[in-house]
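The values are calculated or read from the model by the stated rules, or taken from the named source; none is laboratory data. Values in this document were obtained by computation on a predicted structure and should not be read as measured data. In this analysis, Cβ positions are derived from the backbone assuming ideal geometry, glycine residues included, and neighbour counts consider all displayed protein chains. Side chains are part of the model used for accessible areas, which takes the heavy atoms of the whole protein and leaves out ligands, DNA and RNA. Shrake-Rupley method; radii C 1.70, N 1.55, O 1.52, S 1.80 Å.
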Amino acid sequence: MSATMTAITRRPLLAVLTAVALAGCTANSGAEPSPTVHTASPLAPYLSLLALDADAQAQITRHANDLIAACMKDQGFTYDQPYVPDRPVLGSDDMDPVQWASVHGYAIATGELVVPAPEAVHRSAAEQVAYDAALYGTGTGDGVAYDWRQEGCMGSAYHEATGGADEIMADERYAALFAAIDAVTTQVGESGEVAALNDDWSQCMAGTNHPGFVSPQAAQASAEQALGAVLAEQPDPSDLERLLRTVSRDEIALAVADATCQRTVDYPARYDQLLWTAQTALVVDYRDDLEALALAQG
């Protein structure tokens, strides 16, 4: 099963956090000061509506899918290509990450087992062109600021579901700010400190009989590739479920090892401290833009 992935909201830059507090402590006179410990991202007060966690994104997707279906129905079509399947989302229940992984894996191949495929709809070439035009619109075009009004039912649905966040993200007034946030995130991801963190995690993974992965992102990507390889073969429906169960079993084992090793090396907290420390200078440099952005979000 495939879905057309046309993203109109930015990838999440930060976890959703409602407040920011900086806590630091100083050692006895003459000793090196302890590094500042951040309890939240310094950007959180300014990006609370745009920096959504996975569960909030899933809720927006569900709402948008309902709006897309209604919009397409108004134009005489049955919406049979969900933007993202309604799959379980880490953090949306009371299970800790290791327990969640033991049930859902990464919700990749395991999600395919629980999400029913839509009924096949056979359209003529002309009907498919009309369907796509209704769903995706004419497109804004290269070099032109994004305009949800040109993006069909998908554009209008996500505009409504995000409360107009798509327009804020496309506003040229904040282009330099978002570019700076992306740059800081990239720099941290490529830093020696994160390389050392990934090495700690990788050694732990090797000890769980999952060697060769350089980062948690690489582990999850391998699960996506495994599913893609199965679907690319276009197996008969009678074989598909059996193949998915095999891939899902391997995915769950990998995801459990990943979550366990992230806990062992304190991966999320260590990474967050590196990122949040790097973001402190950005807040100083872009304070006016951030305050304007917070005001624009309402």
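Points to keep in mind about this one:
- Heavy-atom accessible surface of segment 199-273, averaged per residue, reaches 57 Å², computed with a 1.4 Å probe.
- Fully extended contour minus Cα-Cα distance, from residue 287 to residue 175, at 0.36 nm per residue: 38.9 nm
- Charge sum, other residues only, whose C-beta stays under 14 Å from residue 235's C-beta, Lys/Arg counted +1 and Asp/Glu -1: -3
- The phi-based Karplus calculation (6.51 cos²θ - 1.76 cosθ + 1.60; θ = phi - 60°) puts the 3J(HN,Hα) values of segment 196-209 at 5, 5, 4, 5, 4, 5, 4, 5, 5, 4, 4, x, 9, 6 Hz, whole numbers, x for Gly and Pro.
- Global geometry of segment 137-231, whether rounded, prolate or oblate, following the gyration tensor of its Cα atoms and the 1.5 cut on a/c: oblate
- Where 158, 271 fall by accessible area, highest first, once all protein chains stay in place (1.4 Å): 271, 158
- Simple spin-label estimate for residue 103 and residue 191 gives 3.5 nm between the two label positions (7 Å along the Cα-to-Cβ direction from each Cα).
- Amide H contacts of residue 39: 21, 23, each under 5 Å away and 5 or more positions distant or on a separate chain (H built 1.01 Å from N in the peptide plane; Pro and chain starts excluded).
- Extension gain (nm, one decimal) between residue 62 and residue 218, 0.36 nm per residue minus Cα-Cα: 53.4 nm
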